[in-house]
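Some notes on the structure that comes next.
The values are calculated or read from the model by the stated rules, or taken from the named source; none is laboratory data. This one's a predicted model, so the numbers in the text were calculated from it and none came from an experiment. Don't worry about glycine lacking a Cβ; one is built from the backbone with ideal geometry, like all the others, and counts go over all protein chains shown. With ligands, DNA and RNA removed, areas are computed over all heavy atoms of the protein, side chains included. Shrake-Rupley method; radii C 1.70, N 1.55, O 1.52, S 1.80 Å.
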Amino acid sequence: MDREFKSKVDVWYHAVIFVMAAITIISFISGGEPMIMIVSLLVTMELIHMLLTTWYRITGDGYLVVHCSFFPEKRIKVEEISAVEATAMPVSSYALSLDRLIVYKGNVQWLLISPKDKKEFVRYLKKLNPEIRIKESGWV
C-alpha cells in the first residue's frame, strides 16, 4: 500500500506567495507593464501549484517517488537509499521548507526533501529498508 507524505511548508514560502500575489494584483489594478503583469501572474500561479502538488510517496512496490509541480518526478528504490540526514541547506530542491532531509544513494546526496512529519517518514523508510543509516541521529 502506498503512503504519501506532504511537504512541510515554511512561513517564508507563504510570504513569497503573498508578495507575488500583491505584485500581480497591483500591476493589474494600476495598468502596469503587460510583461510585468504576465510574469508576476505566472510566477504566482507556479508557486501556488508547487504548494498544492509537492509530495513524497513511498509505494507498495518499494519506491520513493518525489513530486513537485511540473518538475520531473524523481524515483528511487527504497533499497537503494543508504542514509538520510537532517539539514537546512537552502539550495534548490523538491522542498518547501528549510527543515529538510538529505536522501543518500550510496555515498552521494540524491535529493533534498522536506516531509511534514520527518520522523514518521524515516520510520516508514526504515520499515522497508532497515539498513538505512540515520546521520546525526539526535533528531529522530
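Need pairs with beta-carbon distance below 9 Å; first residue in contact (Cβ under 8 Å) with a residue 24 or more places away in the chain and within the stretch 110-123, second open to solvent by 70 Å² or more (accessible area, probe 1.4 Å) and not charged (D, E, K, R); sequence gap 6+ or separate chains.
LEU112/VAL91; LEU112/SER92; LYS118/VAL140; VAL122/VAL140
Of all residues in the stretch 72-82, how many are buried (at least 18 other Cβ atoms within 10 Å of the Cβ) and over 13 Å from TYR124 (Cα atoms)?
The initial filter retains those residues of the stretch 72-82 that are buried (at least 18 other Cβ atoms within 10 Å of the Cβ), namely 78, 81.
Okay, now just the ones that are also over 13 Å from TYR124 (Cα atoms), so none.
Final tally of qualifying residues: 0.
Kindly evaluate LEU47 against the criterion of being open to solvent by less than 30 Å² (accessible area, probe 1.4 Å) and over 18 Å from PHE5 (Cβ atoms).
So LEU47 passes the test.
Quick check on my filter: what residues within the stretch 54-66 are open to solvent by 30 Å² or more (accessible area, probe 1.4 Å) and touching a residue at least 12 places away in the same chain (Cβ under 8 Å)?
Step one: of the stretch 54-66, the residues open to solvent by 30 Å² or more (accessible area, probe 1.4 Å) are 55, 57, 60-61, 63.
Hits for the stretch 54-66 are TRP55, ARG57, GLY60, TYR63.
GLU136 - would you say it is over 22 Å from THR53 (Cβ atoms), of a type in the set (Asp, Glu), open to solvent by 20 Å² or more (accessible area, probe 1.4 Å) and at pLDDT below 95?
Answer is yes for this residue.
Quick check: anything in the stretch 17-28 open to solvent by less than 50 Å² (accessible area, probe 1.4 Å) and closer than 22 Å to ARG100 by Cβ?
Of all residues in the stretch 17-28, those open to solvent by less than 50 Å² (accessible area, probe 1.4 Å) come to 17, 20-22, 24, 27.
With closer than 22 Å to ARG100 by Cβ added as a condition, the list becomes 17.
Taking every residue of the stretch 17-28 in turn, at least one turns out to be open to solvent by less than 50 Å² (accessible area, probe 1.4 Å) and closer than 22 Å to ARG100 by Cβ.
Whether any residue in the stretch 3-14 is surrounded by 13 or more Cβ atoms within 10 Å (Cβ to Cβ), on the phi > 0 side of the Ramachandran plot and touching a helix residue (DSSP H, G or I) at 6+ places or on another chain (Cβ under 9 Å) is what I want to check.
no
Return the residue satisfying two criteria in turn: it lies in the stretch 83-116 and is open to solvent by 80 Å² or more (accessible area, probe 1.4 Å) and under 26 Å from HIS14 (Cβ atoms), and of such residues it is modelled with the highest pLDDT.
Start the filter on the stretch 83-116 by keeping residues that are open to solvent by 80 Å² or more (accessible area, probe 1.4 Å), which leaves 90, 92, 105, 107-109, 116.
Next, from what is left, pick out any that are under 26 Å from HIS14 (Cβ atoms): 90, 92, 116.
Working: PRO90: 88, SER92: 88, LYS116: 96.
Per the criteria, the residue is LYS116.
Check LEU47 against each of (1) under 30 Å from THR24 (Cα atoms); (2) touching a Leu at 6+ places or on another chain (Cβ under 9 Å); (3) at pLDDT 95 or above and name the one condition it does not meet.
Condition not satisfied by LEU47: (2).
Please work out if PRO34 is open to solvent by 60 Å² or more (accessible area, probe 1.4 Å) and closer than 23 Å to TRP12 by Cβ.
no
Might you let me know whether the stretch 86-102 holds any residue that is under 19 Å from ARG3 (Cα atoms) and among the acidic types (Asp, Glu)?
no
With respect to LYS126, is the statement that it is over 16 Å from the mean Cα position of the chain (by Cα), basic (Lys, Arg), buried (at least 17 other Cβ atoms within 10 Å of the Cβ) and more than 19 Å from ASP10 (Cα to Cα) true?
Judged against the criteria, LYS126 is a match.
Of the numbered conditions (1) open to solvent by less than 60 Å² (accessible area, probe 1.4 Å); (2) on the phi < 0 side of the Ramachandran plot; (3) touching a helix residue (DSSP H, G or I) at 6+ places or on another chain (Cβ under 9 Å), SER69 fails exactly one; give the number of that condition.
It fails just one condition, (2).
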